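S.K.: Structure incoming, see below.
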Amino acid sequence: MTHEHPTLTDGTVTLRPSAPTDHPMAVDKDAALAFTVVVDDESVGNLVVVRKDATTVWLEGGLDDAHRGRGYATRALRVLVDWSLTAEHEGGLGVSRVESRIPVDAEGALRVATRAGLRREGVERVVPGESTTEGYVVLARLATDPPLSEPGAFRALLNSFLPRKRAISQMLVRDHDGRVLMCQLTYKQDWDLPGGVVEVGESPQVAVAREVTEELALEIPAGRLLLTDWLPTWGGWDDAICLVFDGGEHDASITEQIVEQVREIRSARFCTLAEVHEHAAEFTARRIETALASAADSPGAAAYTESGRSHPDPAQISR
């Protein structure tokens with residue numbers, strides 16, 4: 001890495017060019033810049049800037065155990081990130097992207113990286129047995145990201161690592177005999193209500209009407225919310241929130257208008273509650289029963305269940 005190796009400071013921590021004798025990591029002088037983190041004339045750790053390509057660098061290193069928990073790591077990392085993203089004519093390294101890869105279980109290091117302004121972008125998985133960690137969290141900051149002092153930057157930072165829960169919207173459509181429109185799906189044996197996953201930035205109420213149109217070619221507006229059902233982790237799926245909206249009552253002949261989306265739907269028809277229990281998973285049948293009760297309680301409030309149970313036992317959370 002061809003660049004002047006400066007001394008950097010924020011007034012509390014100083015990053016000075018490392019000498020070969022005071023840096024514990026093997027550093028390729030042509031590909032990296034090594035810094036020793038100094039506080040009150042005492043070395044407290046080391047950071048390295050490694051060139052990945054013409055526009056991107058990786059940051060590696062950390063503080064000695066005895067000096068952690070005092071905010072020095074966050075300060076040092078912020079200084080190094082800011083310098084790396086500063087234009088060359090302004091005395092910086094001039095790259096457009098700074099990255100860090102941190103083991104998923106290294107909670108302290110992840111907090112430091114986030115506080116230093118690096119946004120979480122995803123998890124790089126590792127083949128079991130090839131590493132001591134299950135994977136690495138990839139974090140990065142771009143030269144175009146707004147300063148951390150701006151409210152929008154802080155919100156974007158939080159949004160990058162706060163939990164995100166999958167939302168599923170379904171529609172309860174009945175005929176005049178009280179039967180429920182059910183779909184036989186291509187990707188699982190169990191039948192289910194029409195609907196699907198809510199897209200990012202999409203209204204759940206809009207999503208369910210869209211899914212019904214895409215999957216069955218039916219134009220049915222979504223009515224009021226009947227049920228919010230929390231689905232715990234199951235069969236490889238993360239947990240999710242399932243929202244069931246009222247699709248109203250229709251003549252049974254509406255099924256003659258259905259055009260199945262063959263990639264997802266094998267067939268669709270109105271089912272009695274007994275047939276729902278026969279064809280659907282137990283937790284789906286429970287959800288449908290509760291949604292039917294909520295629909296009958298017009299204009300009552302929407303119900304809440306967990307895996308279809310109105311009064312779940314916290315010690316036995318399962319679908």
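S.K.: Measure nothing but the geometry: give the 0 to 90° angle between the long axis through the Cα atoms of 151-161 and the longest principal axis through the Cα atoms of the chain, rounded to 10°.
M.R.: 70
S.K.: While we're here: Using helices alone, what [θ] at 222 nm do you get for the chain, with -39,500 (n - 2.57) per DSSP H run of 4 or more residues, divided over all residues and rounded to the nearest 500?
M.R.: On the way: 6 runs with 69 residues, N = 319.
After summing the helix terms and dividing by residue count, I get -6500 deg cm²/dmol.
S.K.: If you average the sequence gap of Cα pairs under 8 Å that are 6 or more apart and divide by the length of the range 226-286, what percent do you get for the contact order?
M.R.: Working: 37 pairs, mean separation 12.0, N = 61.
Relative contact order for the range 226-286 comes out at 20 percent.
S.K.: Compute the helix-to-body angle for 204-216: its Cα long axis versus the longest principal axis of the chain, expressed 0 to 90° and rounded to tens.
M.R.: 60
S.K.: Another question, then. Counting only DSSP beta bridges with both residues in the range 167-285, tell me the antiparallel percent, nearest 5. Walk me through the numbers before you get to the answer.
M.R.: Details: 19 of 28 bridges.
Of those bridges, close to 70 percent are antiparallel.
S.K.: Please report the carbon-and-sulfur percent of the accessible area for the chain; probe 1.4 Å, protein heavy atoms only, DNA, RNA and ligands left out.
M.R.: Numbers: 8620 of 17250 Å².
Percent of accessible area from carbon and sulfur atoms in the chain: 50.
S.K.: Shifting gears a bit: FRET efficiency for Gln257 and Val200, Cβ-Cβ distance as r, R0 = 35 Å, nearest 0.05? Don't skip to the answer; put the middle values down first.
M.R.: Working: r = 30 Å, r/R0 = 0.87.
Taking R0 as 35 Å, the efficiency between Gln257 and Val200 is 0.70.
S.K.: Which value, in Å², gives the accessible area per residue of the chain when a 1.4 Å probe is used on the protein heavy atoms? Walk me through the intermediate numbers first.
M.R.: Values: 17250 Å² over 319 residues.
Roughly 54 Å² per residue, with all protein chains present.
S.K.: Rounded, prolate or oblate: pick one for the range 180-319, where a ≥ b ≥ c are the square roots of the eigenvalues of its C-alpha gyration tensor, a/c under 1.5 means rounded, and failing that, prolate if a/b is larger than b/c, else oblate. Numbers along the way, then the final one.
M.R.: Details: a/c = 1.42, a/b = 1.29, b/c = 1.10.
Rounded shape, in that the Cα axes give a/c under 1.5.
S.K.: Something else about it: Using the basic label-point model (7 angstrom from Cα toward the beta carbon), what is the Ser43 to Asp105 distance in nanometres?
M.R.: 3.0
S.K.: Then there's this: I'd like the Kirkwood hydrodynamic radius of the chain, using the inverse of the mean 1/r over distinct C-alpha pairs, in Å.
M.R.: On the way: mean 1/r = 0.0423 Å⁻¹.
Across the chain, the inverse of the average 1/r is 23.6 Å.
S.K.: Something else about it: Starting from the Cα of Ala87, step 7 Å along the direction of its Cβ; do the same at Tyr304; then give the gap between the two resulting points in nm.
M.R.: Placing both labels 7 Å along Cα→Cβ, they lie 5.3 nm apart.
S.K.: When the Cα centres of the range 132-149 and the range 180-228 are compared, how far apart do they sit, in Å?
M.R.: For the range 132-149 versus the range 180-228, the Cα centre distance is 35 Å.
S.K.: Next question, about the same structure. Between Leu142 and Leu158, what is 0.36 nm times their sequence separation minus the Cα-Cα distance? Round to one decimal in nm. Working shown, then result.
M.R.: Values: separation 16, 0.36 × 16 = 5.76 nm, distance 1.58 nm.
Going from the current span to full extension adds 4.2 nm.
S.K.: Run the paramagnetic zone check for Thr213: 7 angstrom along Cα to Cβ, then residues of the range 249-268 with backbone nitrogen under 20 Å.
M.R.: 249-250, 254-265
S.K.: Residue by residue through the range 277-292, which ³J(HN,Hα) values in whole Hz follow from phi under the Karplus form 6.51 cos²θ - 1.76 cosθ + 1.60 (θ = phi - 60°), with glycine and proline marked x?
M.R.: Coupling constants for the range 277-292: 5, 6, 9, 9, 5, 4, 5, 5, 4, 4, 4, 5, 4, 5, 5, 5 Hz.
S.K.: Sticking with this structure for a sec: Let me have the relative contact order for the chain, percent, based on Cα pairs under 8 Å that are six or more residues apart.
M.R.: Once divided by the residue count of the chain, the mean separation gives 11 percent.
S.K.: Where both residues lie in the chain, what percent of DSSP beta bridges are antiparallel, nearest 5? Kindly include the intermediate steps, with their values, before the conclusion.
M.R.: Details: 54 of 71 bridges.
The antiparallel fraction comes to roughly 75 percent.
The values are calculated or read from the model by the stated rules, or taken from the named source; none is laboratory data. Just so it is clear, the structure is predicted and the values come from calculations on it, not from any experiment. We place every Cβ from the backbone using ideal geometry, glycine too, and count neighbours over all the protein chains shown. The area values use the complete protein model at the heavy-atom level, side chains included, leaving out ligands, DNA and RNA. Shrake-Rupley method; radii C 1.70, N 1.55, O 1.52, S 1.80 Å.
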